[in-house]
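Worksheet: one structure, shown below.
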Amino acid sequence: MKYPLNVRVNGVETSVDVEPHRSLLNVLREDIGLTGPKEGCDDSECGACMVLVDGRPVNSCSYLALQTDGREITTIEGVSEPSCPHPVQQALLEEGGVQCGFCTPGIVMSAKALLDANPSCDEDEVRLALGGNLCRCTGYQKIVRAVLRAAEQLQDRAGTAG
């Protein structure tokens, strides 16, 4: 039996009928066509599937799709336009925090959630926020440096805007 799921995904109202056992990750990828979130471990350990639900990071592989009914979902596809990357995306490139790219969408989502909540975060807060994201290629120092760089850029923008 399928149930209606009405969500706002990356700013777009979306309705799909889903079985109650389906994960948010599978619905996003298979029904909605958003392939940015990746299935890595299927056990909430790697963070490759990270998305934001009402601004909070969740592992979409273990989050039931029906739990998101009426909520706002942001995937990596909704973070920015290709011509204007989010400061985290730009800083990851500039700091060399990207190699194979498999984990990158999840890292961006976790970092974005942190910076949205606390743009003046410190290194310990960045490491804690990224604790659920595994990267086998880069090591974490470049990633942490990138998030801190993005935080500085966001603080500078807020300072010049105010």
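The values are calculated or read from the model by the stated rules, or taken from the named source; none is laboratory data. What you are looking at is a predicted structure, and each value in this text was computed from that prediction instead of being measured. Side chains included, ligands, DNA and RNA excluded: accessible areas come from the protein's heavy atoms. Shrake-Rupley method; radii C 1.70, N 1.55, O 1.52, S 1.80 Å.
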Using the alpha-carbon centroid of each, what span in Å lies between the range 128-144 and the range 22-38?
-> 23
What percentage of the solvent-accessible surface of the chain, computed with a 1.4 Å probe over protein heavy atoms, is contributed by carbon and sulfur atoms?
-> 48
Counting helices only, and only those DSSP H runs with n ≥ 4, report the 222 nm mean residue ellipticity of the chain as the sum of -39,500 (n - 2.57) divided by its residues, in deg cm²/dmol to the nearest 500.
-> -10000 deg cm²/dmol
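Before I look further, what does the chain give for accessible area per residue, probe 1.4 Å, in whole square angstrom? Numbers along the way, then the final one.
Working: 8350 Å² over 162 residues.
Heavy-atom SASA per residue in the chain reads 52 Å².
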At q = 0.18, 0.25 Å⁻¹, what base-10 log of I(q)/I(0) does the Debye formula yield for the range 104-162 when every alpha carbon is treated as an equal point scatterer in vacuo?
-> -0.57, -1.00
Taking H placed 1.01 Å from N in the peptide plane, check which residues at least 5 places from V9 or on another chain put their amide H under 5 Å from its amide H.
-> T14, I73
Can you tell which of E94, E81, E13 shows the greatest fluctuation in a Gaussian network model of the chain with Cα springs below 10 Å?
-> E81
Length-normalised contact order of the chain, Cα under 8 Å, at least 6 apart, in percent, tallies to 23
Please work out which option in [x] 53, 40, 28; [y] 59, 36, 30; [z] 50, 38, 28 gives Cα extents along the principal axes in Å calculated from these coordinates, and answer with its label.
-> [z]
